[in-house]
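One structure below.
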Amino acid sequence: MEAQKIVNKFLGVLLVAVALSSCRSEDTTVCENVKLMITPTYHGNVVSEDSVYRNNFQQRFRIETARCYLSSIYLHKTNGDSVLLKEVALYNFLAQVSEGFSVTSDTYNGISFGVGIPANVNKNVDPSTYPNASPLSVQGSNGMFWYWNTGYIFMKFDGHCDTTGVANVDLLQSYAYHVGDDPLYRRVAFSFPAQSIGSGVSTIQLQLALDSVLDKQADPVDLRVDFLTHTTANFPLAERIMNHFVSGFHMP
Amino acid sequence: MRRLVFIGFVVLLAACAGSTHYKDEVLKFKQPSFFPSLPIPNDNSVSKLKFILGRYLFYDKALSADGSHSCSSCHVLSNAFTDGKTVSVFAHADFPRNAPTLANVGWMPYLMSEGGVPSLELQLLGPVHESHEFASDMQAVLTRLSKKSKYQELSQAAFGRELDAYVFMRAIATFERGFISGDTKFDRSYYYHSNEMNAEELAGMNLFFSERTQCSSCHSLPFFTDFQFYSLGVEDTDLGLERRTYAASDRGKFKTPTLRNIELTGPYMHNGSLNTLAEVVAYMNQGGGHGPNKDPRIQPLYLTELEQTQLIAYLKCLTDWNFVQNADLVEPDDMND
């Protein structure tokens, strides 16, 4: 009977310990008080996966993938200091357009980030050594790693199109721009009126004009000719697409 | 309180069910004395259970999205881990290539024909994700594999963690490091003076190592490769090393393949364009092809028919019959248990 009591006590303590340990993990969650929302648009309208768009060449296409890494994301204070929000975030513009960060309360007037992965992180890396939840891990990168080479795919933009000009035919041709290598890393910066950020939950709104990728007025992309690059086999097209893509970021 | 006791026992039973009967131990591969020490990464020491888990995974068709093929579909032991096809059924449409042998792959300083992948562990990400190979993603592969309790048990016992990408890559890499091939008629004759080679084979060997042919300047001992990149002038659209370096001067250059087990690894060249050893020797005898950046050493050799026959006879002395029948490397009998 005495032994039974001891066992009962032990099991009681065990269960309480299990409960306490699960509480502790919640307690350590960092409070996110600033969000960076990047809304993908096409000529001013929010992009939808189901929509069919038309470029300057009157070629119809659907956007099925629009993802990129943002890295070294900084908020800039009015006194000139900068605060790192996050080393790396992976944006999937057709699914999740907002990332949360934690920042100390202060007055800020700018944001900057890299599009892609900085060279010191990009090469000679084993993604399996990152925690599985990291956007740089094998599982977290979700196909954004070059598997025949080392390094990450900075930006993926692909889907299906029709270049025949015949109205209402199915979009059977694929196009794909998978861009990533050290020379294609770009930085983007925006300033905004000084505002207090951090005391409550703030949202920084940006837009990404995806029409700039294929339908840039000064340099439209002809899908009959320039429909594919995995960077190395057609570096000039990769560079062109990356520059188009980056030019699409703007503050509304 | 009784209810609490019951819940407590359920917790304990669940914990016991997760325990494993596997016991791991250090595994030391037996390697030829004339090979340098097998390089082992700091974060992937070789153990018995890693090897066992890697062996199961290598042969598991659950790796592919449709369950139709595994690593062993293109890397068949009896073909010295090639598939005997011109280019693999699962070859990339833009870069259709012949499946390379995996013999002695543990010594390769970099993988892939253009050498872009620095370790065996990282190389394993390629086939999983490539749409033309396993057409999957790592999470989907792991979800399928995790249904087999033995994988989770082996993973915990060998790596102390659940089966994830880290475990997957390191287990298969450990198995592949065991693909050691260095027991051929040539090895026994050259390194241990066994006198097994006949006059024709010895004549071929002398040609192979001669200044006249310079075969051994790239296919150097002990692996019969110098791991460098050259063009033989093979004419096709594959960029080769240029794909990695962007340099036009690297177009058409590919990593020197090993000649160990060459008798079993045809067709030959990166695109499988030559079917037989006789065709390869004839191709080199004529001075290679007319593709870009051909190495200046690739010149007509003016070998007689007899000399070509001798050279082929020698190349057949590089077959390791024990390797291609190694029972430790075949598909496990209990693969589907």
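Taken over region B:170-190, the criterion of being more than 18 Å from B:Leu27 (Cα to Cα), under 24 Å from the mean Cα position of the chain (by Cα) and in a helix (DSSP H, G or I) is satisfied by B:Lys185, B:Phe186, B:Asp187, B:Arg188.
Of B:Leu259, B:Leu301, which residue is in contact with a Ser or Thr (Cβ under 7 Å, 6 or more places away or on another chain), in a loop (DSSP other than H, G, I, E, B) and among the aliphatic types (A, V, I, L, M)?
Just a single option satisfies the conditions, and that option is B:Leu301.
Within region A:81-93, the only residue that satisfies the criterion of being surrounded by 17 or more Cβ atoms within 10 Å (Cβ to Cβ) and outside any strand (DSSP E or B) is A:Phe93. The set of residues in region A:94-133 being of a type in the set (A, V, I, L, M, F, W, C) and assigned to a helix (DSSP H, G or I) consists of A:Ala119, A:Val121. Taking the conditions (1) within 25 Å of A:Ile117 (Cβ to Cβ); (2) assigned to a loop (DSSP other than H, G, I, E, B) in turn, A:Leu223 satisfies each one other than (1). Within region A:134-147, the set of residues being over 12 Å from the mean Cα position of the chain (by Cα) and not in a loop (DSSP other than H, G, I, E, B) comprises A:Val138, A:Gln139, A:Phe145.
Quickly run through region B:262-279 and pick out the residues that are in contact with a Lys or Arg (Cβ under 9 Å, 6 or more places away or on another chain) and either assigned to a loop (DSSP other than H, G, I, E, B) or of a type in the set (Lys, Arg) (or both). Result: B:Pro267, B:His270, B:Asn271, B:Gly272.
Only one residue in A:Leu171, A:Leu208 is assigned to a loop (DSSP other than H, G, I, E, B) and crowded, with 17+ Cβ neighbours inside 10 Å, so which one is that? Give the steps one after another, and end with the answer.
Details: A:Leu208 fails: assigned to a loop (DSSP other than H, G, I, E, B).
Among A:Leu171, A:Leu208, only A:Leu171 is assigned to a loop (DSSP other than H, G, I, E, B) and crowded, with 17+ Cβ neighbours inside 10 Å.
I'd like the residue in region A:148-162 that is at negative phi and outside any strand (DSSP E or B) and, out of all such residues, is nearest to the other protein chains (Cβ to nearest Cβ). That would be A:Asn149. Please determine whether any residue of region B:125-135 is modelled with pLDDT of 90 or more, within 14 Å of another protein chain (Cβ to nearest Cβ) and in a helix (DSSP H, G or I). No, the conditions are met nowhere in region B:125-135.
The residue of region B:208-245 that is surrounded by the fewest Cβ atoms within 10 Å (Cβ to Cβ), among those that are farther than 14 Å from B:Asp295 by Cα and among the aliphatic types (A, V, I, L, M), is B:Leu221.
Please tell me if A:Leu210 is under 25 Å from A:Gly100 (Cα atoms) and among the aliphatic types (A, V, I, L, M). Against the criterion (under 25 Å from A:Gly100 (Cα atoms) and among the aliphatic types (A, V, I, L, M)), A:Leu210 qualifies. The single condition from (1) at positive phi; (2) surrounded by fewer than 16 Cβ atoms within 10 Å (Cβ to Cβ); (3) within 11 Å of another protein chain (Cβ to nearest Cβ) that A:Asn142 fails is (2).
Residues of region A:83-124 that are among the polar types (S, T, N, Q), farther than 23 Å from A:Ile63 by Cβ and without any contact (Cβ under 8 Å) to a residue 24 or more places away in the chain: A:Asn120 alone. Within region A:47-66, is even one residue within 28 Å of A:Ser199 (Cβ to Cβ), surrounded by 15 or more Cβ atoms within 10 Å (Cβ to Cβ) and modelled with pLDDT of 95 or more? No - not one qualifying residue is present in region A:47-66. What are the residues in region A:174-205 that are surrounded by 15 or more Cβ atoms within 10 Å (Cβ to Cβ) and part of a loop (DSSP other than H, G, I, E, B), if any? Selection gives A:Gly180, A:Asp181, A:Tyr185, A:Gly198.
Evaluate the following for B:Ala91: is it over 19 Å from the mean Cα position of the chain (by Cα), within 14 Å of another protein chain (Cβ to nearest Cβ), at pLDDT below 95 and within 17 Å of B:Phe134 (Cα to Cα)? So B:Ala91 fails the test.
The values are calculated or read from the model by the stated rules, or taken from the named source; none is laboratory data. Note that the structure is predicted; figures quoted are calculated from it, not measured. With ideal geometry, Cβ positions are generated from the backbone for all residues, glycine too; neighbour counts draw on all protein chains shown.
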